[in-house]
Amino acid sequence: MAPAVELRGVAKEFAARGRHVVAVESIDLAVAHNEFAAILGPSGCGKSTLLNMVAGFERPTRGQVLVEGEPVQAPHPGRAVVFQEAALFPWYTVLDNIAFGPRTRGTPAAQYRPRIDTLLDVMGLRGFERHYPAELSGGMKQRVGLARVLIMEPAVLLMDEPFGSLDAQTRSVMQELLLTVWERRQQTVLFITHDIEEALLLADTVSVMTARPGRIKTRIAVDLPRPRSLEVTTSPRFNDLKRRLLALVREDTFNPGADHAPRAR
Amino acid sequence: MTVRRLAWALALPIALFVLWDLAVRQRWVVEGIIPAPAQVAAAWYTWIFGTATTSLSPYSGTWLANVAHSTRRVIEGFLLAAALGIPLGVFIGWNRAVARAVDPSIQMLRPIPITAWLPFAIAVFGIYDASARFLIGLGAFYPIVVNTTHGVRDTNLLLLRAARMLGAGPAAVLFKVVFRSALPSIFTGLRLGIGVAWTAVIVAEMIAVKSGLGYVLWDAYYVGRMDICVATMFSVGLLGFLSDQVILRASRVALRWRALEAHG
């Protein structure tokens, strides 16, 4: 069986302010079915570019991006994305934001209403159905952002630093929420982050990226038992893994020249 | 509005009225040219409520009919401008090929003031409503199309991506995201457009048709009825203000989500 997500020799180059920029280079990555794969890297290493190519927002300059063995051509609800900024439609209520996908695809209301009901409960959004995004906190917005893609039952869930702009407290709550949701219904996740602890807490594997041009340097398996909760972050095994990842990331941060690369988002 | 704010809002107009009245009474201005406020009010009253038997004024009781003429022309021209300007603005903003083909022409025609179109309009459409409709529609069209284009181009890339990954096709992206996102700009265009429409209706009625407030304004000037002229100016100002309020209220309903944003 083909991996759920596979990148073969993928490179992405573009021109920024007249300069030729290599965002990512010779990326090889395979994510198995139902694997929670984290991509860990410093800002500007092209990890968002990588996710955008899997989502179908951007095309690779070289190489192939395959999902279920098929080359990615365009965005598709089977590869749903949770963005760093929730990117909710500000003119729709919470309910209408969650229903956006099914409605746009012409799914009958009788089919998606029960799923919305379940999601409202699971995501703790009950009572906020008629609120507009402007009335929600950052954490609540991200719950809606997650709910509106989960309702599409995507084969692959793509998450681009989804909790990166939340405060520490809210971030922990959201991480535990995601753990609960994922451990209940396992599915393939590609999770972009620059937070080592977040990667270890959530993922089955962590792929470490180098600074620009972004390459995948190492991939380590996170053999922490599931179901996990925030307590796992205090275990000795967690700290061993954290030390290893810290060393890997640090090598790169001190690499002279890495900081001078222009950052593109 | 609180009493205090109302007092502040009314202070300047009251002062201006007092100054106006003083200027006429004290003969700071040439006598007989500028009517006093009371004179304007009396003329306006007769213009609205007078009947042919109670007054010898030819304007007596014709206010409402003229207001109706002008308002109808404004609404017709404005709706025409919106019906053409909004879709065209969406296409220009959305499609680079359309923008390249159409936008330069609009930008070149836009600096021609609608007053300069008057002879052309009369030559083509004659002294009929069509002339007025053309001038009003043209005047209101520019701000509507330009602001719509601007709003569409400003659509957040992230929202477009969000819609696409949720399975939205081109039509859904256009109607559920691009149009909704451009709506605040479109309303700005509509408010500017209705303002231009009132300017255009006065100009058009002065020359291109034989009824409405613009016609009365020019006619009253010719026969030396400055009191009617001033009453007409106030009437147009009032109608312009009211029509702007209608659009503003509509925008507040349509953009409810945005009001919350400002307070959040």
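Could you tell me whether region B:178-186 includes any residue that is touching a Phe, Trp or Tyr at 6+ places or on another chain (Cβ under 9 Å) and more than 30 Å from A:A147 (Cα to Cα)?
Yes, there is a match, as at least one residue in region B:178-186 is touching a Phe, Trp or Tyr at 6+ places or on another chain (Cβ under 9 Å) and more than 30 Å from A:A147 (Cα to Cα).
Yes or no: region B:127-137 includes at least one residue that is out of contact with any Lys or Arg (no Cβ under 9 Å at 6 or more places or on another chain), closer than 30 Å to B:F234 by Cβ, away from every other protein chain (no Cβ under 12 Å) and not in a helix (DSSP H, G or I).
Yes, region B:127-137 has at least one match.
Across region B:29-40, which residue is nearest to the chain's Cα centre (by Cα) among those that are of a type in the set (A, V, I, L, M, F, W, C) and surrounded by 15 or more Cβ atoms within 10 Å (Cβ to Cβ)?
B:V40
Name every residue in region B:143-163 that is within 11 Å of chain A (Cβ to nearest Cβ) and surrounded by fewer than 17 Cβ atoms within 10 Å (Cβ to Cβ), in order of residue number.
Matches in region B:143-163: B:N156, B:L157, B:L158.
Quickly run through region A:132-189 and pick out the residues that are of a type in the set (D, E) and in a loop (DSSP other than H, G, I, E, B).
A:E153, A:E161, A:D167
Identify, please: which residue in region A:119-143 is under 19 Å from A:V173 (Cα atoms) and in contact with a Pro (Cβ under 7 Å, 6 or more places away or on another chain) and is, among those, surrounded by the most Cβ atoms within 10 Å (Cβ to Cβ)?
Only one residue tops the list, namely A:Q142.
Considering region B:60-77 alone, what residues qualify as being more than 21 Å from B:A140 (Cα to Cα) and buried (at least 22 other Cβ atoms within 10 Å of the Cβ)?
Residue satisfying the conditions is B:W63 alone.
If a residue has to be under 20 Å from the mean Cα position of the chain (by Cα) and either modelled with pLDDT of 95 or more or of a type in the set (D, E) (or both) to count, how many in region A:129-138 make the cut?
0
Within region A:27-46, does at least one residue satisfy the condition of being in contact (Cβ under 8 Å) with a residue 12 or more places away in the chain, of a type outside the set (G, A, S) and within 14 Å of chain B (Cβ to nearest Cβ)?
Scanning region A:27-46, I find no residue that is in contact (Cβ under 8 Å) with a residue 12 or more places away in the chain, of a type outside the set (G, A, S) and within 14 Å of chain B (Cβ to nearest Cβ), so the answer is no.
Just give me the residues in region A:79-103 being assigned to a helix (DSSP H, G or I) and within 17 Å of B:L158 (Cβ to Cβ), in sequence order.
A:N97, A:F100, A:G101
Would you check if B:D227 is without any contact (Cβ under 8 Å) to a residue 40 or more places away in the chain and either within 14 Å of chain A (Cβ to nearest Cβ) or more than 14 Å from B:R72 (Cα to Cα) (or both)?
no
May I ask you to list pairs of residues, at least six apart or on different chains, whose Cβ atoms are under 7 Å apart, with the first in region A:2-23 being surrounded by fewer than 22 Cβ atoms within 10 Å (Cβ to Cβ) and the second being of a type in the set (A, V, I, L, M) and not in a strand (DSSP E or B)?
Pairs found: A:P3/A:A32; A:A16/A:A264; A:V21/A:A264.
Cβ-Cβ distance below 6 Å, separation of 6 or more or different chains: which pairs start in region A:49-65 with a residue that is free of Cβ contacts under 8 Å to residues at least 40 places away in the same chain and end on one that is assigned to a helix (DSSP H, G or I)?
That search, which allows pairs on different chains as well, returns A:F57/B:R161.
Of the conditions (1) surrounded by 19 or more Cβ atoms within 10 Å (Cβ to Cβ); (2) not assigned by TED's automatic domain parsing to the domain that holds A:P102, A:R244 fails just one. Which one is it?
All conditions pass for A:R244, except number (1).
When residues of region A:79-102 are filtered for being over 21 Å from A:K47 (Cα atoms) and facing chain B (nearest Cβ under 9 Å), how many remain?
The total comes to 9.
Determine whether region B:177-189 contains at least one residue that is away from chain A (no Cβ under 14 Å) and over 28 Å from B:I33 (Cβ atoms).
Yes, some residue in region B:177-189 is away from chain A (no Cβ under 14 Å) and over 28 Å from B:I33 (Cβ atoms).
Pull out all pairs, ordered by first then second residue, where Cβ-Cβ is under 9 Å, the residues are six or more apart or on different chains, the first lies in region B:198-213 and is over 12 Å from B:L138 (Cα atoms), and the second is among the aliphatic types (A, V, I, L, M) and not in a helix (DSSP H, G or I).
Taking only residues 6 or more apart or on different chains, the pairs are B:I207/B:I127; B:A208/B:I127; B:V209/B:I127; B:K210/B:I127.
Any residue that is more than 13 Å from chain B (Cβ to nearest Cβ), basic (K, R) and not in a loop (DSSP other than H, G, I, E, B) - is there at least one of those in region A:57-78?
Yes; the residues of region A:57-78 include at least one that is more than 13 Å from chain B (Cβ to nearest Cβ), basic (K, R) and not in a loop (DSSP other than H, G, I, E, B).
What is the one condition in (1) crowded, with 24+ Cβ neighbours inside 10 Å; (2) out of contact with any helix residue (DSSP H, G or I) (no Cβ under 7 Å at 6 or more places or on another chain) that B:L242 does not satisfy?
With respect to (1) crowded, with 24+ Cβ neighbours inside 10 Å; (2) out of contact with any helix residue (DSSP H, G or I) (no Cβ under 7 Å at 6 or more places or on another chain), B:L242 is out only on (1).
Determine which member of the set B:I92, B:I75 is among the β-branched types (V, I, T), modelled with pLDDT of 95 or more and over 15 Å from the mean Cα position of the chain (by Cα).
B:I92
If we keep just the residues of region B:200-224 that are surrounded by fewer than 20 Cβ atoms within 10 Å (Cβ to Cβ) and among the hydroxyl-bearing types (S, T, Y), which is farthest from the other protein chains (Cβ to nearest Cβ)?
B:Y222
Check every one of the helices (runs of 4 or more DSSP H) wholly within region B:144-234 and list those with 3 or more residues that are assigned by TED's automatic domain parsing to the domain that holds B:G61 and under 23 Å from B:V253 (Cα atoms).
The helices (runs of 4 or more DSSP H) meeting that bar are B:179-207.
Do we have B:L88 as in contact (Cβ under 8 Å) with a residue 24 or more places away in the chain, within 30 Å of B:V209 (Cα to Cα) and in the same structural domain as B:P184 (by TED's automatic domain parsing) here?
Judged against the criteria, B:L88 is a match.
The values are calculated or read from the model by the stated rules, or taken from the named source; none is laboratory data. What you see is a predicted model; the values in this text were computed from it and never measured. Neighbour counts run over all protein chains shown; Cβ positions are idealised from the backbone, glycine included.
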